[in-house]
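Scroll down for the structure; my scribbles are underneath it.
Read-outs throughout are calculated quantities, based only on the coordinates presented, and are distinct from any laboratory measurement. Owing to the predicted nature of the structure, the values given are computational and were not obtained by experimental measurement. Backbone-built Cβ (ideal geometry, glycine too); neighbour counts: all protein chains shown.
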Amino acid sequence: MLDAENLNKLISHLPPPLARSLLIERFKLEIPALDDNAHKQVQREMIFQILTALPLDDRQAIERDAERILQLTDTVGRDVVAGHSAALNQAEKDQFSVLPNQFERAVWLFMHAAGVFEQALQSRLADLLHQSRTFYTGFVAPKSLELKGDADALATFHAHVAELLSCKPEFVAVKVFQRVRSLGTQDQEVVLYQISIHYNLPPELEECVENSDVITREHVRAINAHITYEPANGSIEVLSRNPQWRDSLARLAADHLLQSPITGERIPIKRYDYQSLATPRSFDIAGEPVDWVKVTLLQVGNRTGLTVTSDVKEIQDIYQIAKTKTHNPNFDFGLDWLTAAQITIRLRKVGHERAHNVVIAFRGANACNNKAKREPDRALCDRLLERWGLVHAVNDVHPTHALAA
């Protein structure tokens, strides 16, 4: 099924009886009983034949749901599923806890806990935006506020958001829930209130063929924004690809759902100082699940400057490699100004997570790209950068800039 990549992948990762149950119970397909004595691949092939015989529109409708299910099976999805599983009742937790992998857990939520499934999807969207300073602005608010989720407060907030976005209220959807953002261990979990907003863009015209004629149809796309409030530290984060609404959305959430107006003060930005990487140094990793840290790129100058890289398996450190590359036994990065650097951190195997590398790249005056996808890994890297003196917070002297998480 070349037109159903996600459905192919999902069926291939599920036990055939579970795949059959999903397609029968949620998509009302008629699938004969499987031969228990047949190999799993033979059973899957029978399911694929039935799916391939479906009309294209029906198969693509199932494909869209398969894509949504798979979004909860990547590293970010697994973390939000773990956080939202706390919302299940005890009987549901007993069933959920024995599921062997992320594919079966995501399907179980889709089939048996639709509300939790949808909240997990919204949390994943927010966490993906949270990873980039381009989509993030943070504000200071009072701590320990309780979000007002009653019908009147939600209706007022909904109406003000629709007015702000110049949308009819019926074209705006608002979902409010409490969630946990996992930072690795139970004592590192962060409790958040999340407000997810979806709204329609103006209709777009597109051409398509119908009954062998070219016709023009209106196509409507919805985009999303997310607001989180962390009672423990009082931070309001607005996560959106559109920066022009962030300040106003934060104020509306504070005024109508937290009912505690904010001043608009920004969370302090982070300043990165990686010049100390110009000379060999030690990295304190005591007490952290880290095997080693290695400087894997240093650059002085820009395009015409010198860039030296080091593979993680290379025995020589990057400073020795630079001396060999420049044919200068006295070469010293510290005699110039670093314009880029990269460190690689080897994270130890913890629980079900495999050992893996995380790369942190620095560039220019204050750019830092933490390439970790999981929130626990990102939180660990933030702690280490602070411990090593590579990052510190300063007052936001440029209030129009978005802030890094």
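Quick look at the values:
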{"read-out": "Hull shadow area, averaged, region 287-366 [alpha-carbon convex hull, nm²]", "value": "6.8 nm²"}
{"read-out": "Extension reserve of the Ala86-Glu146 stretch, reckoned as 0.36 nm per residue once the Cα distance is removed", "value": "19.7 nm"}
{"read-out": "Top of Leu192, Leu165, Leu128 by mean-square fluctuation, Gaussian network on the chain, Cα under 10 Å", "value": "Leu165"}
{"read-out": "Loop-resident sites, region 319-388, for trypsin sites (Lys or Arg not before Pro), counting at most 14 other Cβ within 10 Å (DSSP)", "value": "Arg348, Lys349, Arg354"}
{"read-out": "Angle between the chain longest axis and helix 102-112 axis [Cα atoms, degrees, rounded to 10]", "value": "40 degrees"}
{"read-out": "Among Gly287, Gly364, Gly305, residue whose mean-square fluctuation peaks in a GNM of the chain (springs only between Cα atoms under 10 Å)", "value": "Gly287"}
{"read-out": "Cα-based helix-to-principal-axis angle, 114-130 vs the chain, degrees rounded to 10", "value": "30 degrees"}
{"read-out": "Mean projection area, nm², convex hull over Cα of region 5-127", "value": "7.8 nm²"}
{"read-out": "Kirkwood Rh in Å, taken over all unlike Cα pairs in region 298-343", "value": "11.0 Å"}
{"read-out": "Where only alpha carbons of the chain are counted, the Rg and the Dmax (Å)", "value": "25.1, 76"}
{"read-out": "Ascending count of other beta-carbon atoms within 10 Å, so fewest first, for Ser85, Ser196", "value": "Ser85, Ser196"}
{"read-out": "Backbone HN-Hα couplings from phi across region 318-328 [Karplus 6.51/-1.76/1.60, Hz, Gly and Pro as x]", "value": "5, 6, 5, 4, 4, 5, 5, 5, 8, 6, 10"}
{"read-out": "Under 5 Å, built H, 5+ apart or other chain: amide partners of Glu189", "value": "Leu183"}
{"read-out": "Inter-probe distance in nm under a simple model that places probes 7 Å from Cα toward Cβ, at Ser260 and Glu189", "value": "2.2 nm"}
{"read-out": "Highest-first arrangement of 6-16, 44-54, 212-222, where packing means the average Cβ count within 10 Å", "value": "6-16, 44-54, 212-222"}
{"read-out": "Nearest 10 degrees, 0 to 90: helix 40-52 Cα axis against the chain principal axis", "value": "70 degrees"}
